[in-house]
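Before any comments, here is the structure.
The values are calculated or read from the model by the stated rules, or taken from the named source; none is laboratory data. In this text the structure is predicted, and so the values were computed from the model without any measurement. Neighbour counts run over all protein chains shown; Cβ positions are idealised from the backbone, glycine included. What goes into the accessible areas is simple: the full protein's heavy atoms, side chains included, and nothing from ligands, DNA or RNA. Shrake-Rupley method; radii C 1.70, N 1.55, O 1.52, S 1.80 Å.
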Amino acid sequence: MNDTTALISALGTAPGVIIPLIREVPPQILKRRPSPAKWSAYEHAIHLSQSDVAFRARLELILSTSEPFIEVIENSPEDEAGAMLEIDLDESLDRYVRERAALVIRLKQLSPDEWQKTAIHEAFDHYSVWIMFRHLLNHEMLHAYRIEELLLKKDWD
């Protein structure tokens, strides 16, 4: 059995780890990319603030469809080219906190059967509501790690 309580708790507390981390990044490197094809700390933070909407939509699709199909989420060419650098960080982080709180409330309402409901995923061998939200947490921690790498980076040649 998967521990939904621990997963919900981790998702609920993630903004409390990630937001202070992004706030710690000095302004002079916040939007700086380590290389042309790699995101800045700012872009990682903006990306994270946009994730919950997609995952809530996926949840509702899985719960309301008998054989749901989940497509891979691809970053847009505009985002890869730097479009997220133009999005307001403060507004994005505020939205992240609000949407995460709403997501946590929704997840607490799920029954054990709903947590185990499956879907066909375009790229993954198997997929369920449980896997989807574990994936969201892992995805979030990967981006938090990237932010921390940039925060701690010594050489900004």
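In segment 23-38, the count of residues that are within 14 Å of the chain's Cα centre (by Cα) and either over 30 Å from residue 155 (Cβ atoms) or surrounded by 15 or more Cβ atoms within 10 Å (Cβ to Cβ) (or both) is zero. The residue list 120, 147 contains one member that is in contact with a Pro (Cβ under 9 Å, 6 or more places away or on another chain) and over 17 Å from residue 100 (Cα atoms), which is 120. Among the residues of segment 22-46, what is the count of those that are small (Gly, Ala, Ser) and in a helix (DSSP H, G or I)? Total meeting the criteria: 2. Name the residues in segment 64-96 that are of a type in the set (A, V, I, L, M, F, W, C), touching a residue at least 40 places away in the same chain (Cβ under 8 Å) and loosely packed, with under 14 Cβ neighbours inside 10 Å, would you? Residues satisfying the conditions are 69, 72. Can residue 19 be described as in a helix (DSSP H, G or I), under 26 Å from residue 151 (Cα atoms) and over 19 Å from the mean Cα position of the chain (by Cα)? For residue 19, the condition - in a helix (DSSP H, G or I), under 26 Å from residue 151 (Cα atoms) and over 19 Å from the mean Cα position of the chain (by Cα) - is not met. Candidates are the residues of segment 100-157 that are part of a helix (DSSP H, G or I) and aromatic (Phe, Trp, Tyr); the one that is most open to solvent (accessible area, probe 1.4 Å) is 145. For segment 22-62, a tally of residues being in contact (Cβ under 8 Å) with a residue 60 or more places away in the chain, out of contact with any strand residue (DSSP E or B) (no Cβ under 7 Å at 6 or more places or on another chain) and hydrophobic (A, V, I, L, M, F, W, C) returns 9. If you go through segment 97-111 and keep only what is more than 14 Å from residue 133 (Cβ to Cβ) and in contact (Cβ under 8 Å) with a residue 60 or more places away in the chain, you end up with 97, 101.
With respect to the conditions (1) of a type in the set (S, T, N, Q); (2) part of a helix (DSSP H, G or I); (3) open to solvent by 70 Å² or more (accessible area, probe 1.4 Å), residue 49 falls short on a single one, namely (3).
Which one of 40, 76 is among the hydroxyl-bearing types (Ser, Thr, Tyr) and farther than 29 Å from residue 131 by Cβ? Show your work before the answer.
On the way: 76 fails: farther than 29 Å from residue 131 by Cβ.
Answer to the selection: 40.
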